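Trainee: Got a structure for you, questions after.
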Amino acid sequence: MHAHNFSRRRWLRSAGQAALAAGWTAHILGDAIEGEARDVGKVLAGIALQVAQHNQPFTAPCILLSGGETTVTVRGQGSGGRNVECLLSMALALGGHPRIHALTGDTDGVDGQAEVAGAYLGPDTLQRAWSMGLSPQEMLTNNDGHSFFGTLGDAVVTGPTLTNVNDFRAILITA
C-alpha cells in the first residue's frame, strides 16, 4: 500500500467523520475518481440527482464525498483549473436543483495556476450568473471556471495549505 493512497482514504474518512459530527450522513464515492473534469462533473451531478429525486442509492439528506485528480483538455483561452471546471460542468447538469450544493477544491490550495483552491455551487448559481450577464456554457467551453466563480464571489481561497493529498469534492443534498 502506498502512503499516498492511505492518506487519501484517511482524509476522506476524516471528512465523513466531520460531516457526521455536524449531523449529516456521509457517503464516500471513491478516492480515485478521475477522467476529464467536465465529464466527472456530469457524472457526479447524475448521482446527486438520483439521490435527490429517488433516494437512490442513498437517502437524502446526505453528503457525497469523493476525491481523485481529474484532467482538463484546454480548448479555450479562459482561466481555470480542474476543480472549477468540474464544478461548472456539475452546475450545468444540475440545472439549479433547489436541494443540491457542492464544493470542490485542491487540497494544496491551488487549482490550476490561480490563487484559488476551488469553488462553491448552490441552487442559485446559474440564476445569479445569468442575472449578471454571464453565460455558464460559454465559460465552460472557454475553460473559464475561475472567472465564472470569481465573478459570482463563490471562489474558495485558502492560500497554500502545504499539503497535497488529492482533490476534494463534497455534494450536499438536503431533505
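The values are calculated or read from the model by the stated rules, or taken from the named source; none is laboratory data. A quick note: this is a predicted structure, and the numbers were derived from the prediction, not measured. When we count neighbours, we look across all protein chains shown, and the Cβ atoms used for this are built from the backbone with ideal geometry, even at glycine.
Trainee: Any residue in the range 60-68 that is at pLDDT 95 or above and assigned to a loop (DSSP other than H, G, I, E, B)?
Mentor: yes
Trainee: Follow-up. I need the full set of residues from the range 62-112 which are touching a His at 6+ places or on another chain (Cβ under 9 Å) and closer than 17 Å to Leu140 by Cα, in order please. Quick ask: steps written out before the conclusion?
Mentor: To start, the set of residues in the range 62-112 that are touching a His at 6+ places or on another chain (Cβ under 9 Å) comprises 62-65, 78-81, 84, 111-112.
Scanning the range 62-112 gives Gly78, Ser79, Gly80, Gly81, Val84, Asp111, Gly112.
Trainee: Here's something else I'd like to know. Are there any pairs with C-beta distances below 8 angstrom linking a residue in the range 15-27 that is over 16 Å from Phe168 (Cβ atoms) and without any contact (Cβ under 8 Å) to a residue 12 or more places away in the chain to a residue that is of a type in the set (A, V, I, L, M, F, W, C) and surrounded by 13 or more Cβ atoms within 10 Å (Cβ to Cβ), with the two at least 6 apart or on different chains, and if so which?
Mentor: Note: pairs meeting the criteria are Leu20/Ala26.
Trainee: Let me ask something else. Does the range 81-92 include one or more residues that are farther than 21 Å from Leu29 by Cα, assigned to a loop (DSSP other than H, G, I, E, B) and modelled with pLDDT under 95?
Mentor: yes
Trainee: Quick one: is Asn83 within 16 Å of Ala170 (Cα to Cα) and either among the polar types (S, T, N, Q) or touching a residue at least 12 places away in the same chain (Cβ under 8 Å) (or both)?
Mentor: Yes: the conditions hold for Asn83.
Trainee: Looking only at the range 8-29, filter to residues that are assigned to a strand (DSSP E or B) and of a type outside the set (Val, Ile, Thr); which one of those is farthest from Val43 (Cα to Cα)? Step through it out loud before you land on a result.
Mentor: To start, the set of residues in the range 8-29 that are assigned to a strand (DSSP E or B) comprises 26-29.
Add one more test, that the residue is of a type outside the set (Val, Ile, Thr), and what stays is 26-27, 29.
Numbers: Ala26: 18, His27: 16, Leu29: 12 Å.
Here the residue is Ala26.
Trainee: Got a sec? Which of Gly67, Gly96 is in contact (Cβ under 8 Å) with a residue 60 or more places away in the chain and either farther than 22 Å from Thr174 by Cβ or surrounded by fewer than 21 Cβ atoms within 10 Å (Cβ to Cβ) (or both)?
Mentor: That would be Gly67, the only listed residue that is in contact (Cβ under 8 Å) with a residue 60 or more places away in the chain and either farther than 22 Å from Thr174 by Cβ or surrounded by fewer than 21 Cβ atoms within 10 Å (Cβ to Cβ) (or both).
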